[in-house]
Amino acid sequence: MSCDANFLFSVDGHNLTVIEADGMLTEPLLVDSLQIFPGQRYSVILNADQPVANYWIRALPSISNASFEGGINSAILRYQGAPAADPTTNTSSNVMAMLETNLHALINPGAPGIPEYGKADINVKLIANNSGDIFYVNGVFYKPPTVPVLLQILSGAQSALDLMPIGSVITLEPNKVVELTVATFGVGGPHPIHLHGHTFNVIQSAGNTSFFNYENPVWRDVSAGIQGQQTVIRFVTDNPGAWFLHCHIDWHLEAGFGVVMAEDPSAWRYRLLRTS
C-alpha cells in the first residue's frame, strides 16, 4: 500500500496484542490501537472475551473530515449469537496506543555493532527536504536512470561516481554494520521510510529525541519519519544488490524522495563473470 494516508486501527471494547511487525516477531505488546503507515504490516491477537454483541472495527485514515459515518472506514466484529445488526459501541479511547519505541525484537535482540551513536562501521546521514512538490535527499532529486542500477553494476560500474543517477547512489562495502540517520524536513509527512533487501533495527524512532535503543530494538523494514525529526536504523551489508530506500507514499517517491544503496558491487560483477 502506497497511499498518502496512514490509518488508526482499533476494535471497540477490545485490546490487541502485537506479535509481529513487518514480518519480524516482536515481544507481545498490549495496545488498544495501532497507527499503521503505508508499507507497514502487523499481526495482532484479539481475545474475544467480551459480552456477546457486535463491535465496530475501525480504521480511520489521516485525512481531513475522516469519519465513520454510514459505516465507512469500519467493519463489524460479530460474536456468535449476536443479532445481525450494526454495533452500538463507541469509539475506543486509545489510552494504550502503540508506540514504536515499545516494540522489541523477540528473536535476535540487540543491534549489530558498537552500541553507541555514530560508532558503526559505516555511518550515513540523509536529509530529506522539499521545494514545492519536489523532494530532495541530500540536495538531490531522485530520477530513475535509463539503465537500472543493478544492470550498471553488472556492466562494470563499481563506485558512486560511476553509478547513475549521480548523487542518488550510495555504495556500501560488504559485511559492515551501517548506521543510517534519516532526517526528514519535507512537508506532507509522516514519511514512511522503507528499505528494500533488508530488515533493520530501529535505533531511534522519529519523535524520540533523546533515547537510542541498541539493546533490544525492533526489527522491521518501514519506519515513519516525522517532519523536523530523525530516524536512526542499523543493518548489516550481508545481501549484495542494488536496494532502494524511499518514502512509501508513492507520489513522494515519484517526486524524488529516494536513494539507492549499491551493496557490494564487486560481488555481483564476480557472480556474472563466474556464470559467463
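The values are calculated or read from the model by the stated rules, or taken from the named source; none is laboratory data. Being a predicted model, the structure only gives us computed values, none of them experimental. Heads up, the Cβs are rebuilt from the backbone with ideal geometry, glycines too, and the neighbour counts pull from every protein chain shown.
The table that follows gives values for the structure above.
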| item | result |
| --- | --- |
| Long-range neighbours under 7 Å by Cβ, at least six apart or interchain, first residue in the same structural domain as residue 262 (by the TED database) within the range 231-246, second buried (at least 19 other Cβ atoms within 10 Å of the Cβ) and hydroxyl-bearing (Ser, Thr, Tyr) | 231/205; 231/223; 233/223 |
| Single residue of the range 44-66 satisfying the filter (closer than 25 Å to residue 218 by Cα and of a type in the set (Gly, Ala, Ser)) that is surrounded by the fewest Cβ atoms within 10 Å (Cβ to Cβ) | 62 |
| Filtered residues of the range 32-52 (kept if touching a Pro at 6+ places or on another chain (Cβ under 7 Å) and on the phi < 0 side of the Ramachandran plot) | 37, 38, 40 |
| Residues within the range 44-75 that are out of contact with any Lys or Arg (no Cβ under 9 Å at 6 or more places or on another chain), among the small types (Gly, Ala, Ser) and assigned to a strand (DSSP E or B), tallied | 1 |
| Residues satisfying the stated conditions in the range 218-233, i.e. over 13 Å from the mean Cα position of the chain (by Cα) and modelled with pLDDT of 95 or more | 230 |
| Boolean, residue 206 is modelled with pLDDT of 95 or more and closer than 23 Å to residue 119 by Cβ | no |
| In the range 56-83, the residues that are touching a residue at least 12 places away in the same chain (Cβ under 8 Å) and either outside the structural domain of residue 11 (by the TED database) or over 30 Å from the mean Cα position of the chain (by Cα) (or both) | 78, 79, 80, 81, 82, 83 |
| Residues (surrounded by 15 or more Cβ atoms within 10 Å (Cβ to Cβ), outside any strand (DSSP E or B) and not hydrophobic (A, V, I, L, M, F, W, C)) located in the range 17-43 | 22, 32, 38, 39, 40 |
| Cross-chain or 6+ apart pairs with Cβ under 9 Å, the range 8-33 first and free of Cβ contacts under 8 Å to residues at least 60 places away in the same chain, then among the basic types (Lys, Arg) and part of a strand (DSSP E or B) | 9/58 |
| Enumeration of residues in the range 127-137 that are loosely packed, with under 15 Cβ neighbours inside 10 Å and in contact (Cβ under 8 Å) with a residue 40 or more places away in the chain | 133, 134 |
| Some residue of the range 167-185 being closer than 30 Å to residue 5 by Cα, touching a His at 6+ places or on another chain (Cβ under 8 Å) and surrounded by 14 or more Cβ atoms within 10 Å (Cβ to Cβ) | yes |
| Filter result for residue 122 (touching a Lys or Arg at 6+ places or on another chain (Cβ under 8 Å), modelled with pLDDT of 95 or more, farther than 22 Å from residue 5 by Cβ and of a type in the set (Val, Ile, Thr)) | yes |
| Condition broken by residue 86, with the remaining ones in (1) assigned by the TED database to the domain that holds residue 243; (2) surrounded by fewer than 15 Cβ atoms within 10 Å (Cβ to Cβ) satisfied | (1) |
| Matching residues, the range 228-259, being assigned to a loop (DSSP other than H, G, I, E, B), touching a strand residue (DSSP E or B) at 6+ places or on another chain (Cβ under 6 Å) and not aliphatic (A, V, I, L, M) | 237, 240, 248, 256, 257 |
